Structure formats: C-alpha cells, structure tokens
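To start, the structure under review is shown below, and the notes come after it.
The values are calculated or read from the model by the stated rules, or taken from the named source; none is laboratory data. Computed from a predicted structure; not experimentally measured. FYI the Cβ positions are ideal-geometry reconstructions off the backbone, even for glycines, and counts take in every protein chain you see.
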C-alpha cells in the first residue's frame, strides 16, 4: 500500500477520534449522558441480564441523514430520527466464565410500537473506544440506518471492547456469538423498559469480522439459542468465512494487501495465542524488534496507525522465516485456531440469505463469500452472492449497508 494511502488511513483514524470526542461533548452539553441505572442485576446470575442503560445519542431525521451523508452512505432508507443507548449486560468469556460486555441499542423515533430487531455485528477494531456504544462514527452507520428505517438495532461491542473488561479475543467467533445473543437478550429487556418492546423477529447483518459473527449468530438462533428470537433473514457483508481455505492463502498470493495483512495477522496471532497453543514466546513467531512489542500493541488502547507504525511493512518481514512457512501450511494450535472459526457456514440456512462482497476487496477477498455459499449449498440451502463489483473492503460496506436495509424491508415472514 502506498504512503499516500497509509497517510489517508491515518487521517481518517484521527478524524474518527475527533468526531468521537465531539459527540461525547455534545451529549454532555445536552444532558443526555445520564449515569447508568440499575436494571436486572439483582435477580441473580444470568446471561443477558441488563445491568445498566445509558442514553448516548438523540438524533432527528435531518441529523441522521447528515451523519450518513458525511460518510458517503445513501440515506434513502431513513424515515425517522433515532435514540441510542449504551447497554451493559452479563455474558461469558471464551472459557465460559462470567463477565460483562457493552453494546448499543438504537430505536427509531417513530414507526411500529412493537419492533423487529436487527443484530449488527461490527468489523475489526483495535481501539475499544471505536466500538458502537463508545464512539459515534462508522461503528454506528448500520445502527442508525436500520433504526431510521423503523427497526430496533442491537449492536454488541464484543468482549473487551467498549466498556467491557479485559482484552478482545479477536476472531474468536464462538465468544462473539455468545456476546451477540446476550446483547439481544439485554436489548429485549431495555426496549421493554423504554416502551418499545421487541416482537422477537431478528434480521442479522455484520461487516468484515462481523460478517463471520453474523453467520455464526444466525446458526445459533436457528438452532434454538434463545426461544424468544426468530431469525428471519441474514445479510453479512465481506466476512472472512474461510480462514484455512481462503484468507490465510490470500496472504501469500497477493489477494490481501500488505498493510491489512500485517494488522490482521498480528492481531489474530496475539489474540488466538491466549486460547490456543500457538507459541510460548513471541520471538518464535515475530522477528525482532517486533517480537518484544507486538503483544503490548493490542491492549485496546492503541490506534491502528500506531500499531502499523510499530510493525513491519509486510507479513514476510514481520514473521520469522520458519513461522512464515508454518502459517502457509498450518498445523497444531494454529490450525485449531483457524478451523474453530471456519464453521459458520456449515448449516442448513433454510431462510433468506444474501452474502454481500466486492471483487476489489484486498482485505477479505470475495472468495470467502463464494466458499461460504458453497458450504451452505452443500447443506441444502443455497445463498445468493451480491457481487458489488470492483469496490474495496470499506466501500463494500458503504454500498451494501443501504441495500441490506431495503432487502430486509422486502423479506416476507413465514
């Protein structure tokens, strides 16, 4: 990736911080940033119990359209203003131990009294303050867009992001799915308290990492994860559904660009090593001087450009020669880490499914969507790939998000 592209990415990240701070300041001035209020925490341990409900945004329709237009997103589906709330709720960590997480519930200022709910799962974030409930930027685009179209939106921050404790278990789809199911439960309780009850119909979408999570959530709901929720449609965007077969090989054949490859690989290895036996010492995996600093970079506090500036320019320069070859032909804990996350498309998705992707995506190649569609077809439930043409990774989201909203509007109920 060119220096100009890297600088542009840095500029966008800095702009996100300024916008997030400006949004917080505006909320404080408006008196919206209320202290968290106790909810269901006194009724005993329980996944999805609502612990706090905090208003974080109140936007009229013109403000919603300006927010979307400022990010080059088609605001055509927007019909209402929105109110957004940070939820804190009980869930479990990757080892099943009790913990808490946060997420964003967004409600339309109009429309039906009882609401369908969209589950929106976000893409890769290294800084906890970019999570949907914490910062008002791209992490809220799908929430505002779907809510402004008349549905409630439950957007989990995932574990270790937003206001959740600990470190984010990046690409551990199982724990991201449990956090997403529990976010739906917390959203159900919160929406009831706010006088906008959820009717139980769920429409699931997500981008990038969140596309994979959306597929996993869809499977969990279809297999009865919670009797209150009925999955109606599934529309993930540019998800890495096939790490072993597509995403890892794409690091070697040029389909993933160098900058994204360095970020994703280092983040994934550091996070997955906490769950699988990949390495005992970072020097087994990373070259010096990167080995001694890489784990500290993924603490949830660093900016993306700071991490990239502290690491090598390419995956080959980042990894030791032996591990570079090992990653090409993974085994042991490395293969376990990939395969545990490669089953989100291995189920009979007997409901409307669309997989959105772009051919110029050099973060998550479109072959991931094709692999997912093939797996779904093998289980007797083919899915349509919506090929957005020669758009890159982030543009695939910008183009797809309004299309997903319009498609959800057309999906009939059984």
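Quick rundown of the values:
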item: Residue list for the range 295-309, filter: closer than 15 Å to residue 268 by Cβ and surrounded by fewer than 19 Cβ atoms within 10 Å (Cβ to Cβ); result: 295
item: Odd one out for residue 292 among (1) modelled with pLDDT under 95; (2) touching a helix residue (DSSP H, G or I) at 6+ places or on another chain (Cβ under 8 Å); (3) exposed (fewer than 15 other Cβ atoms within 10 Å of the Cβ); result: (1)
item: Residues that are in contact (Cβ under 8 Å) with a residue 60 or more places away in the chain and within 18 Å of residue 48 (Cα to Cα), drawn from the range 155-175; result: 159, 160, 161, 162, 163, 164, 165, 173, 174, 175
item: Selection count, the range 142-177, where residues are part of a helix (DSSP H, G or I) and closer than 25 Å to residue 273 by Cβ; result: 5
item: Test: residue 180 is in a loop (DSSP other than H, G, I, E, B), touching a strand residue (DSSP E or B) at 6+ places or on another chain (Cβ under 7 Å) and under 18 Å from residue 48 (Cα atoms); result: no
item: Of all residues in the range 123-141 being outside any loop (DSSP other than H, G, I, E, B) and farther than 17 Å from residue 102 by Cβ, the one that is modelled with the highest pLDDT; result: 141
item: Residue match in the range 310-323 (condition: assigned to a loop (DSSP other than H, G, I, E, B), more than 17 Å from residue 267 (Cβ to Cβ) and outside the structural domain of residue 162 (by TED's automatic domain parsing)); result: yes
item: Candidate set from the range 384-402 (those that are within 25 Å of residue 346 (Cα to Cα) and in contact (Cβ under 8 Å) with a residue 40 or more places away in the chain); member that is surrounded by the fewest Cβ atoms within 10 Å (Cβ to Cβ); result: 393
